[in-house]
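Quick notes on the structure that follows.
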Amino acid sequence: MSLAHTILGLLQQQEMTGYDLKTSCFDQFIAHLWPADQAQIYRTLDKLVDQGWITCNIEIQLDRPNRKVCSMTEAGKAEFIRWLQCSQPLPNLRDPLLVQLFFAAQLPNEAIIQLLEQQLVARIEKLTECKNVELPLSERFVSREQMMQRLVFDLVIRREQTYIDWLKTAMDMIRHH
């Protein structure tokens, strides 16, 4: 998985500028799956142009800065389809809190619970953000694309809810040990 393939996926839906990709796609929902900042997006767009997978055209605007609109090439579409059919390895999970907890026996219970409570607040906030992503809620009368997006966000929401449940269980265990 790469940022390049994420951007190709978004551009296969419609032509966009780097700014549009950041504000309309990454900030709205893709960041819950694959975060990227504006600089990463622009660097990746340049690489995609170099690889011949996208083209960018300048749209002259009189009242605003010119827009650099990017679209997929046939080579980009072929690469995207190739990537969609590839099996993906399990991701490497890096969770600083879990590493802290692994060694946290040296701390008093109150300090451990404080760490867990801070994480709980952050996870509840993230869960709320994920639930507020505007995707179709009904499984009837939606496109295949909307169905796939709904499935992905269902897993993201379940993952956050599971982490929240685990945090509450961990705090309860520590309080009663």
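Residues of the range 80-114 being closer than 30 Å to G52 by Cβ and in a helix (DSSP H, G or I), which ones? Spell out the reasoning first.
If we filter the range 80-114 for residues that are closer than 30 Å to G52 by Cβ, which is where we start, we get 80-89, 91.
Within the range 80-114, F80, I81, R82, W83, L84 meet the criteria.
Just one of (1) surrounded by 11 or more Cβ atoms within 10 Å (Cβ to Cβ); (2) of a type in the set (A, V, I, L, M); (3) in the same structural domain as Y163 (by TED's automatic domain parsing) trips up A75, so point out which.
Just one mismatch for A75, condition (3).
Name every residue in the range 27-56 that is aromatic (F, W, Y) and part of a loop (DSSP other than H, G, I, E, B), in order of residue number.
Selection gives F29, W34, W53.
Among what's in the range 62-77 and is in contact with a Phe, Trp or Tyr (Cβ under 9 Å, 6 or more places away or on another chain) and in a helix (DSSP H, G or I), pick the residue that is farthest from L21 (Cα to Cα).
Looking at the filtered set, the residue picked out is A75.
Is it fair to say L120 is under 21 Å from the mean Cα position of the chain (by Cα) and either surrounded by 15 or more Cβ atoms within 10 Å (Cβ to Cβ) or at pLDDT below 90 (or both)?
On the way: under 21 Å from the mean Cα position of the chain (by Cα): yes; either surrounded by 15 or more Cβ atoms within 10 Å (Cβ to Cβ) or at pLDDT below 90 (or both): yes.
Yes, satisfied.
The values are calculated or read from the model by the stated rules, or taken from the named source; none is laboratory data. What you see is a predicted model; the values in this text were computed from it and never measured. In this analysis, Cβ positions are derived from the backbone assuming ideal geometry, glycine residues included, and neighbour counts consider all displayed protein chains.
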